[in-house]
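The values are calculated or read from the model by the stated rules, or taken from the named source; none is laboratory data. Not measured: the values here are computed from a predicted model. Ideal geometry is used to build each Cβ from the backbone, glycine not excepted, and the neighbour counts take in all protein chains shown. Remember, those area values only see protein heavy atoms, side chains included, never the ligands or the DNA or RNA. Shrake-Rupley method; radii C 1.70, N 1.55, O 1.52, S 1.80 Å.
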Amino acid sequence: MALQLPVRLLNSERDCRDFVRGCAFLATGGGGSPERGAELLLGKLAAGNPAGWVDPGDIPDDVYTVSVFGMGGRPPAGHPTVQELAEVGLRDPRGVNTMVEAVKALADYAGVEIGAIVPIELGGSNTASPMVAAASLGMVVPDGDYTGRAIPEITQIVPSIAGAPAAPFATVDRWGDVCILTQVTGDAMAERIGKLLSQAAFGGVSMAGFLMPARQMRDVLVAGTLSRCLEIGRVVRQAREAQTDPIAALVDVSGGALLFQGIVEANELDDSEGYRYGIGTHRIRDNEGRTCSIWYKNENHICWIDGHPVVTSPDLICIVDATNGEAKINSDIFEGQHVVVLGVPAGSTYRSPAGIERLGPRHFGFEIDYQPMLVGGE
């Protein structure tokens, strides 16, 4: 459904890169590759069909909206082999736009016309990808997402916390296989099924779900986050252009606090869950010999300084380059890098008992009580 609404377009290379920079920062170590996100947005810009967003309130109440996102991850190194593919009759991917096809498949199954796509989370590529799918389909994107950060599990998005219906789902893999999940016992089971489908497809799949009219979407939307990402990215760039401190600019624009600065000593990986998640611990040391450890599951969730937890999810733990303020995703953090760790308070939904239960440290198996981080003299 093509809606004629005022759109804030990312209609310059500078805007695209600023936006991705802000998305990557709020993704707190996850959310996909910023380089890939910029490539996708710049491709749309070059084709004369730039991505953008609209005010959520401008979308008519009865217009159907959907969220489309990647599920799964990279296969283990060296897989799939030619033999593994041959055993199930696969040779080359079909080159399908899996997000676009997943949205089409869900609309066909549900018998509805979809007019808007809502990003499920913020991230270097995980926000850009559904926005590009929306531009390809002539749909709009509301200024917001379903998380206000990046998260590792479907059960941690605001619609899931609020009890919004997740099913039906449509999944499409790079080989062109389409699956429709008509109902699920819960979002945790949807997560499990999606991961298993991605494993069967030797990599990630695109999954479309959370089909709901705009009136319901607005109740569970974390509004204004796309504009916030653009502002954060712009402020960092402007600080660099003015040769002022981009870290101080980040602290100010994000409403956060500087937690630690030092050199990465190690990134200790845990591959016990295969390619479902990236799990590990960063170890950072400063000039005074203090240490900072950050545990992540796709995204950063617990930050210790000298063995004491100082910030945990659902608050955001963001690692950036100490020189230019560019966000570091966890797969690109290596020994010897000079980094700064920032904390940013979570939104109110995640500081509720239900939000803490889904995204707090005890959810990840740590015997730590969530303590909201304090900034600005609170």
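Residue count for the range 199-253 under the criterion of being within 17 Å of residue 53 (Cβ to Cβ) and over 21 Å from the mean Cα position of the chain (by Cα): the result is 1.
Taken together, 197, 211, 181 contain a single residue that is in contact with a Cys (Cβ under 8 Å, 6 or more places away or on another chain), over 27 Å from residue 15 (Cα atoms) and not aromatic (Phe, Trp, Tyr), which is 197. In the set 302, 368, only one residue is in contact (Cβ under 8 Å) with a residue 60 or more places away in the chain and under 22 Å from the mean Cα position of the chain (by Cα); that residue is 302.
Can you tell me which of 196, 226, 221 is in contact with a Phe, Trp or Tyr (Cβ under 6 Å, 6 or more places away or on another chain) and under 22 Å from residue 32 (Cβ atoms)?
Selected residue: 226, the only one of 196, 226, 221 that is in contact with a Phe, Trp or Tyr (Cβ under 6 Å, 6 or more places away or on another chain) and under 22 Å from residue 32 (Cβ atoms).
Can you find a residue in the range 274-294 that is modelled with pLDDT of 95 or more, closer than 30 Å to residue 220 by Cβ and either touching a helix residue (DSSP H, G or I) at 6+ places or on another chain (Cβ under 8 Å) or of a type outside the set (Phe, Trp, Tyr) (or both)? Yes: one or more hits. Within the span defined as the range 6-15, one or more residues are surrounded by fewer than 24 Cβ atoms within 10 Å (Cβ to Cβ) and under 28 Å from residue 314 (Cβ atoms). Of the set (1) part of a helix (DSSP H, G or I); (2) open to solvent by 10 Å² or more (accessible area, probe 1.4 Å); (3) farther than 15 Å from residue 326 by Cβ, all apply to residue 41 but (2). So, of the residues in the range 210-225 that are of a type in the set (Val, Ile, Thr) and closer than 16 Å to residue 131 by Cβ, which turns out to be surrounded by the most Cβ atoms within 10 Å (Cβ to Cβ)? Here the residue is 225.
Matching residues to (1) over 26 Å from residue 314 (Cα atoms); (2) at pLDDT 95 or above:
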residue: 76; (1), (2): yes, no
residue: 91; (1), (2): yes, no
residue: 99; (1), (2): yes, yes
residue: 109; (1), (2): yes, yes
residue: 123; (1), (2): no, yes
residue: 127; (1), (2): no, yes
residue: 136; (1), (2): yes, yes
residue: 145; (1), (2): no, yes
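Restricted to the range 291-308, and to residues there that are over 17 Å from residue 256 (Cβ atoms) and part of a strand (DSSP E or B), the residue that is least open to solvent (accessible area, probe 1.4 Å) is 296.
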